[in-house]
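Just below is one structure, and these are the notes that go with it.
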Amino acid sequence: MTTLTPETRARRVAGLLAGARAELDARGWHRGDHVDETTGAVDLSGALRLAAGSHPYELPDDPAAVQALCDAEDELVFELGGNPILVDSGEYLAAWNDHPGRALSQVLTLLKQTHSAIAVWEVAE
């Protein structure tokens, strides 16, 4: 396995976050499952998986894309105040996304804030 520099890791995660936002803009947001088969709308996890090059229900085939996806989920959980070492980041994000009071604007804000935090971190290195 190749060891990534912090800068490369940050760029990959930032790319996935931006890609997830684009998927949500294009398809619409969904609560309750990775994808609404009727409308094509996706939840946060489904948008991240699409941005990583896979179907909303599947993980990417490429190990580097899987690692970037896991890193992105961890960064989002951290931004929400969770500890990705102590929780399953995918489950944490699914529960957050599916909360009855959740709105698309909150999902987009989370993606933007996390992207900004990574960009600041990358510059600070």
### Query
Using a Förster distance of 25 Å, how high is the FRET efficiency between residue 83 and residue 113, based on the Cβ-Cβ distance and rounded to 0.05?
0.90
#### Entry: Low-density loop positions, chymotrypsin sites (Phe, Trp or Tyr not before Pro), the stretch 3-78 - DSSP coil, at most 13 other Cβ in 10 Å
57
### Message
Through the Karplus equation 6.51 cos²θ - 1.76 cosθ + 1.60, θ set to phi - 60°, convert the phi angles of the stretch 88-103 into ³J(HN,Hα) values in whole Hz; use x for Gly and Pro.
### Response
7, 4, x, 5, 4, 5, 4, 5, 5, 4, 8, 4, x, x, 5, 10
### Task
Could I have the simple spin-label model distance between residue 103 and residue 33, label points 7 Å from Cα toward Cβ, reported in nm to one decimal?
2.6
### Query
For the chain, what is the calculated [θ] at 222 nm in deg cm²/dmol (nearest 500), taking -39500 (n - 2.57) for each run of four or more DSSP H residues and dividing by its residue count?
-20500 deg cm²/dmol
### Task
Please determine, in degrees from 0 to 90 and to the nearest 10, the orientation of helix 104-124 with respect to the longest principal axis defined by the Cα atoms of the chain, where the helix direction is its Cα long axis.
0
### In Hz, Karplus ³J(HN,Hα) per residue of the stretch 5-21 (6.51, -1.76, 1.60; θ = phi - 60°; x = Gly, Pro)
6, x, 5, 5, 4, 4, 5, 5, 5, 4, x, 5, 5, 5, x, 5, 4
### Task
Could you list which residues have their amide H under 5 Å from that of residue 35, counting only those 5 or more apart in sequence or on another chain, with H placed in the peptide plane?
43
#### Entry: Choice from 93, 44, 16 showing the highest fluctuation, given a GNM over the chain with Cα pairs closer than 10 Å
93
### Query
When all alpha-carbon pairs of the chain are counted, what percent fall beyond 26 Å?
14
### Query
So, with +1 on the Cβ of K and R and -1 on the Cβ of D and E, and no other charges, what is the size of the charge dipole of the stretch 6-118 about its Cα centre, to the nearest 20 debye?
420
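Each value in this text was obtained by applying a stated rule to the coordinates, not by laboratory testing. Just so it is clear, the structure is predicted and the values come from calculations on it, not from any experiment. Using ideal geometry, Cβ is built from the backbone for each residue, glycine included, and neighbour counts are taken over all protein chains shown.
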